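Step one of this worksheet: look at the structure below.
The values are calculated or read from the model by the stated rules, or taken from the named source; none is laboratory data. No experiment lies behind these values; they were computed from the predicted model shown. Using ideal geometry, Cβ is built from the backbone for each residue, glycine included, and neighbour counts are taken over all protein chains shown.
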Amino acid sequence: MSTPFIDRRAGPGISGFLHTPSRANGATIVLTHGAGANCNSKLLIEISEACAAAGFIVLRFDLPFRQARPHGPPFFGSAAKDREGLRRAVTLMKERLSGPVFLGGHSYGGRQASMLVAEDAQLVSGLLLLSYPLHPPRKPDELRTSHFPKLTTPAFFVHGTRDPFGSIDEMKAALKLIPGPTALLAAEGAGHELLSKKSDTQLTDRIVIEFQEFFSQQL
């Protein structure tokens, strides 16, 4: 079950939905979207529902750039504000709940989450990174990995084998730059959106199961 979640106190406003499990496992996941989507994307809804079914409290929310305009990519120079939005969402969950808090997102949202945590390793217990945008399509030399050597927080990556933002081999090579614990789940046949037009509960369930298994070894 999800309910609207809005907080307009000082700092980046938070607007999204809170998924509350029927039987909580004590952990929380803060999850956000990619550059061309919002928190109501098919991927975020289905991942959030699968995580909640496994006992996680999940906050899926819109980044500040998406709250400022309903369509279009992030504003030029808005990434720092988007990272502050992520920090704000994590802080709110920590104020309300006890237990470990994880941070993640799809594509751009996941990239900003990883950049934030590279600068503040104690912010969250771990990262869930869906379709990390390793490089722009057809531009493999423009790697977005400059912060990877500072990333010590455990990170779980999910990446499609047909993702134009990076191949599985490229992802494996990039993850070697990260000093912290990592895991990579390769979604066979999936593109950047990971899910097809039809629901793929097999993939979402696998993501949650392997995510839990990875972090059971880290916490």
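Side notes on the structure shown:
- Cβ-Cβ distances below 6 Å connect no pair with a first residue in segment 69-84 that is assigned to a helix (DSSP H, G or I), a second residue that is surrounded by 13 or more Cβ atoms within 10 Å (Cβ to Cβ) and of a type in the set (Ser, Thr, Tyr), and a separation of six or more residues or different chains.
- Within segment 85-98, considering residues that are part of a helix (DSSP H, G or I) and of a type outside the set (A, V, I, L, M, F, W, C), the one farthest from residue 56 (Cα to Cα): 85
- Close pairs from segment 1-30: first within 13 Å of residue 53 (Cα to Cα) and at pLDDT 95 or above, partner surrounded by 11 or more Cβ atoms within 10 Å (Cβ to Cβ) and among the charged types (D, E, K, R), Cβ under 7 Å, at least 6 apart: 19/49
- Identity of the residue in segment 40-68, among the β-branched types (Val, Ile, Thr) and part of a strand (DSSP E or B), that ends up surrounded by the fewest Cβ atoms within 10 Å (Cβ to Cβ): 57
- Segment 89-116 - residue that is modelled with pLDDT of 95 or more and of a type in the set (Lys, Arg) and, of those, surrounded by the fewest Cβ atoms within 10 Å (Cβ to Cβ): 94
- Close pairs from segment 141-154: first touching a residue at least 60 places away in the same chain (Cβ under 8 Å), partner outside any loop (DSSP other than H, G, I, E, B), Cβ under 8 Å, at least 6 apart: 154/126; 154/127; 154/182; 154/214; 154/215
- Qualifying residue in segment 160-177 (condition: modelled with pLDDT of 95 or more, β-branched (Val, Ile, Thr), under 15 Å from residue 128 (Cβ atoms) and surrounded by 15 or more Cβ atoms within 10 Å (Cβ to Cβ)): no
- Boolean, residue 130 is at negative phi and either touching a Gly at 6+ places or on another chain (Cβ under 8 Å) or free of Cβ contacts under 8 Å to residues at least 40 places away in the same chain (or both): yes
- Any hit, segment 66-80, residues being under 26 Å from residue 152 (Cβ atoms) and touching a Ser or Thr at 6+ places or on another chain (Cβ under 8 Å): no
- At least 2 residues being over 25 Å from residue 92 (Cα atoms) and in contact with a strand residue (DSSP E or B) (Cβ under 8 Å, 6 or more places away or on another chain) is the threshold, and among the strands (runs of 3 or more DSSP E) wholly inside segment 121-219 those reaching it are 155-160, 182-187.
Listed here are the residues, each with its yes/no results for (1) closer than 19 Å to residue 201 by Cα; (2) buried (at least 19 other Cβ atoms within 10 Å of the Cβ); (3) of a type in the set (Lys, Arg).
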{"site": "1", "(1), (2), (3)": "yes, no, no"}
{"site": "4", "(1), (2), (3)": "no, no, no"}
{"site": "11", "(1), (2), (3)": "no, no, no"}
{"site": "19", "(1), (2), (3)": "yes, yes, no"}
{"site": "28", "(1), (2), (3)": "no, yes, no"}
{"site": "32", "(1), (2), (3)": "no, yes, no"}
{"site": "35", "(1), (2), (3)": "no, no, no"}
{"site": "38", "(1), (2), (3)": "no, yes, no"}
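- Test: residue in segment 101-109 that is under 27 Å from residue 206 (Cα atoms), part of a loop (DSSP other than H, G, I, E, B) and either in contact (Cβ under 8 Å) with a residue 24 or more places away in the chain or in contact with a helix residue (DSSP H, G or I) (Cβ under 9 Å, 6 or more places away or on another chain) (or both): yes
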